[in-house]
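The block underneath contains the structure these notes are about, expressed in structure tokens.
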Amino acid sequence: MADNKLKAFFQLGEVGNYFIRVFKKTDPSQKSNLNLRMMHGINRISILIFLAALIFWIVKRFM
């Protein structure tokens, strides 16, 4: 019972699964088009810039 609660607590959910899907290597067996690849590329860039800005803000705020 406690094992199930712990496992459920650490589940990623939809947002976490999206981050994993965006940053993992593409599956060659799945069909992909240019629009989908460009969308995921832009999402990667925006996530990385957001994380860099968040780290910069935390460092500037508390240092």
Item to check | Computed helical MRE - 222 nm, the chain, DSSP H runs ≥ 4 contributing -39500 (n - 2.57), nearest 500 | outcome: -25500 deg cm²/dmol
Checklist entry - So how far apart, in nm, are the two label points at residue 20 and residue 4 if each is 7 Å from Cα heading toward Cβ? => result 2.1
Checklist outcome for this item: Checked the chain with the C-alpha gyration tensor, a ≥ b ≥ c its square-rooted eigenvalues, rounded below a/c of 1.5, otherwise prolate if a/b is larger than b/c and oblate if not; verdict oblate
Next on the checklist: Full-extension gain between residue 30 and residue 42, please, as 0.36 nm times their residue separation minus the C-alpha to C-alpha distance.
Outcome noted: 2.3 nm
Item to check | Phi to ³J(HN,Hα) by Karplus 6.51 cos²θ - 1.76 cosθ + 1.60 over the stretch 26-35, Hz, x for Gly, Pro | outcome: 5, 8, x, 7, 8, 6, 9, 10, 4, 4
Checklist entry - Karplus couplings for the stretch 41-49 from phi (6.51 cos²θ - 1.76 cosθ + 1.60, θ = phi - 60°), rounded to Hz, Gly and Pro as x? => result x, 5, 5, 4, 4, 5, 5, 5, 5
Next on the checklist: With every protein chain left in place and a probe of 1.4 Å, what is the accessible surface of residue 44, to the nearest 10 Å²?
Outcome noted: 80
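In debye, nearest 20: dipole of the chain around its Cα centre with unit charges on the Cβ of K, R (+) and D, E (-)?
Charge dipole, the chain, about its Cα centre: 140 debye, nearest 20.
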Checklist outcome for this item: Given the candidates 42, 16, 4, the one whose Cα lies deepest towards the positive end of the charge dipole of the chain, counting +1 at each Lys or Arg C-beta and -1 at each Asp or Glu C-beta, is 42
Next on the checklist: Order 38, 63 by their accessible area, 1.4 angstrom probe, all chains in place, largest first.
Outcome noted: 63, 38
Checklist entry - Which net charge results for the neighbourhood of residue 25, defined as the other residues with beta-carbon distances under 13 angstrom from its beta-carbon, given Lys and Arg at +1 and Asp and Glu at -1? => result +3
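The values are calculated or read from the model by the stated rules, or taken from the named source; none is laboratory data. Please read these numbers as outputs of a predicted model, since none were measured by experiment. Methodologically, a virtual Cβ is constructed for each residue, glycine included, from the backbone with ideal geometry; neighbour enumeration extends over all protein chains shown. Please note that ligands, DNA and RNA were not included when accessible areas were found on the heavy atoms of the full protein model with its side chains. Shrake-Rupley method; radii C 1.70, N 1.55, O 1.52, S 1.80 Å.
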